[in-house]
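The values are calculated or read from the model by the stated rules, or taken from the named source; none is laboratory data. As the structure is a computational prediction, the values presented were derived from the model and not from experiment. Note: ideal-geometry Cβ built from the backbone for every residue, glycine included; neighbour counts use all protein chains shown.
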Amino acid sequence: MSDATVDEGPGDGTRAVRAGLPEPVKHEPTLPGPVFAAHFHLPGEVTGPYSYGRDDNPTWTLLENAIGELEAPGLADIETLVFASGMAAISAVLFSQLRAGDAVVLPSDGYQALALVRAQLEAYGVEVRTAPTGGDAQLEVLEGARLLWIESPSNPGLDVCDIRRLAVAAQAQGTLVAVDNTLATPLGQRPLALGADFAVASGTKQLTGHGDVLLGYVAGRDAEAMAAVRRWRKIVGAIPGPMEAWLAHRSIATLQLRVDRQNATALAVAEALRQRPDVSALRYPGLPGDPAHKTASRQMRRYGCVVSFTLPTRARAERFLAALRLVEDATSFGGVRSTAERRGRWGGDAVPEGFVRMSVGAEDPEDLVADVLRALDESAE
Ligand SMILES: Cc1ncc(COP(=O)(O)O)c(C=O)c1O
């Protein structure tokens, strides 16, 4: 995906290492350290950006600039806001844009906490319609909706929808479009260039990539809508700490290195799994032949680090996970250390008992593939 009308400037690696850096100041660090401040000096009138630490912080500003530069290179007037977590960012968009009596379309196969959000929206009088991600099924329930929520690729099923097609249909009838870009990262997919009004993500995953920070963000093109998101952040107070924001910014410098390494290895893992008769329902959008590949290759620039597949039984999946040596049995995804889990253990996803979601890290590809194949052999009955 590349929008030929937009000058994107330098390549992804160059943009990642420089993203959001302030103009150089002699004797100052390249990336200023975290600003720990609950309040700022504010004599007289309330002017300027920094007054109270729940409203704004210079460390957030640099991070917001960085994320905005990566989410929407070359697009003017994009505003980015950071949050305490991906869920804080998701909730900020949904709860600031929707009113009682509005209808919203959510994916039926998205991140499992969306079901909790759904219940809360319904309690506030919002009509919630759902449809699966694959096949652009959300089109069928779009009529009259105030907002369409897309998660592509979806977690954990890795289905993909045609974001541009859905955005065109939605906007023709005045429906706002938000895309959860967590799995792809801004280097993998640019929802705003594909026509979305909001790109939203959990920065907890591959964006920060070390499994040590919770973070979320919203990037949006509409000043009024973003003002409402900002107001939501102020009244709910789901703000990132300065240390987390700074760590995230530091981590973004290596985003292109991590993403390229992890995603290439994810493809290698998927190719190895494809040869196994004991593995079924293998999904990776970057795998030629995957049901999502055609659409993914039109709109994604990189395919993510998550691979999903199903082993014959729950017991087999548990033995497989226990036999892995280089892959931690843990939730979440996107970190430099590989993780995998039997997703059914949470009870929130419509997946078989033997369904495994694996997040591929930055280990040497041959070591990781060998570990996965050995664990498959050892866990076979
Ligand atoms: C696709 C997706 N969106 C949002 C979230 C929520 O992010 P966080 O855990 O940072 O609140 C997750 C978490 O797993 C996710 O997978």
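Scanning the stretch 174-193 for residues being part of a strand (DSSP E or B) and within 13 Å of the ligand (Cβ to nearest atom) gives a total of 3. Take THR47 and decide whether it is in a loop (DSSP other than H, G, I, E, B), among the β-branched types (Val, Ile, Thr) and loosely packed, with under 14 Cβ neighbours inside 10 Å. Considered against the rule, which asks whether it is in a loop (DSSP other than H, G, I, E, B), among the β-branched types (Val, Ile, Thr) and loosely packed, with under 14 Cβ neighbours inside 10 Å, THR47 comes out as yes.
Step by step: first the residues of the stretch 204-249, then only those that are away from the ligand (no atom under 16 Å from the Cβ) and in a loop (DSSP other than H, G, I, E, B), then the one that is nearest to THR339 (Cα to Cα). Which residue is that? Filtering the stretch 204-249 for residues that are away from the ligand (no atom under 16 Å from the Cβ) and in a loop (DSSP other than H, G, I, E, B), the one nearest to THR339 (Cα to Cα) comes out as ARG221.
Do we have any residue at all in the stretch 127-136 that's part of a helix (DSSP H, G or I), surrounded by 21 or more Cβ atoms within 10 Å (Cβ to Cβ), within 16 Å of the ligand (Cβ to nearest atom) and in the same structural domain as LEU247 (by TED's automatic domain parsing)? No: zero hits. Selection of first residues in the stretch 76-102 that are in the same structural domain as ARG146 (by TED's automatic domain parsing) and of a type in the set (Phe, Trp, Tyr) and of second residues that are assigned to a helix (DSSP H, G or I) and more than 12 Å from the ligand (Cβ to nearest atom), restricted to Cβ pairs under 7 Å at least 6 apart or on distinct chains, gives the following pairs, ordered by first then second residue: PHE83/ARG233; PHE95/TRP232. Screening LEU373, LEU326, LEU311 for residues that are surrounded by 22 or more Cβ atoms within 10 Å (Cβ to Cβ) and either on the phi > 0 side of the Ramachandran plot or assigned by TED's automatic domain parsing to the domain that holds ASN263 (or both) leaves exactly one candidate, LEU311. For the stretch 88-138, the set of residues classified as of a type in the set (Val, Ile, Thr) and farther than 16 Å from ASP197 by Cβ consists of VAL117, VAL126, VAL128, THR130, THR133, listed by residue number. Among the residues of the stretch 146-165, those that are surrounded by fewer than 22 Cβ atoms within 10 Å (Cβ to Cβ) and either part of a loop (DSSP other than H, G, I, E, B) or in the same structural domain as GLY354 (by TED's automatic domain parsing) (or both) comprise ARG146, ASP162. When the stretch 166-193 is limited to residues that are in contact with a helix residue (DSSP H, G or I) (Cβ under 8 Å, 6 or more places away or on another chain), within 30 Å of VAL327 (Cβ to Cβ) and among the hydrophobic types (A, V, I, L, M, F, W, C), the one that is surrounded by the most Cβ atoms within 10 Å (Cβ to Cβ) turns out to be VAL179. Condition check for ARG54 on (1) in contact with a Pro (Cβ under 8 Å, 6 or more places away or on another chain); (2) more than 16 Å from the ligand (Cβ to nearest atom): one failure, at (1). In the stretch 194-203 there is at least one residue that is touching a helix residue (DSSP H, G or I) at 6+ places or on another chain (Cβ under 6 Å), part of a loop (DSSP other than H, G, I, E, B) and within 16 Å of the ligand (Cβ to nearest atom).
Residues in the stretch 297-328 that are within 27 Å of the chain's Cα centre (by Cα), free of Cβ contacts under 8 Å to residues at least 24 places away in the same chain and away from the ligand (no atom under 16 Å from the Cβ): SER297 alone.
Within the stretch 345-365, the only residue that satisfies the criterion of being part of a helix (DSSP H, G or I) and free of Cβ contacts under 8 Å to residues at least 60 places away in the same chain is ARG345. The sole residue among GLN120, GLN171 that is assigned to a helix (DSSP H, G or I), outside the structural domain of PHE355 (by TED's automatic domain parsing), within 16 Å of the ligand (Cβ to nearest atom) and more than 20 Å from the chain's Cα centre (by Cα) is GLN120.
All of (1) in contact (Cβ under 8 Å) with a residue 40 or more places away in the chain; (2) away from the ligand (no atom under 16 Å from the Cβ); (3) assigned to a helix (DSSP H, G or I) hold for LEU267 with one exception: (1).
Being surrounded by 10 or more Cβ atoms within 10 Å (Cβ to Cβ), outside any helix (DSSP H, G or I) and without any contact (Cβ under 8 Å) to a residue 40 or more places away in the chain holds for only one residue in LEU31, LEU42, and it is LEU42.
The residue of the stretch 81-107 that is nearest to TRP60 (Cα to Cα), among those that are within 14 Å of the ligand (Cβ to nearest atom) and assigned to a loop (DSSP other than H, G, I, E, B), is ALA84.
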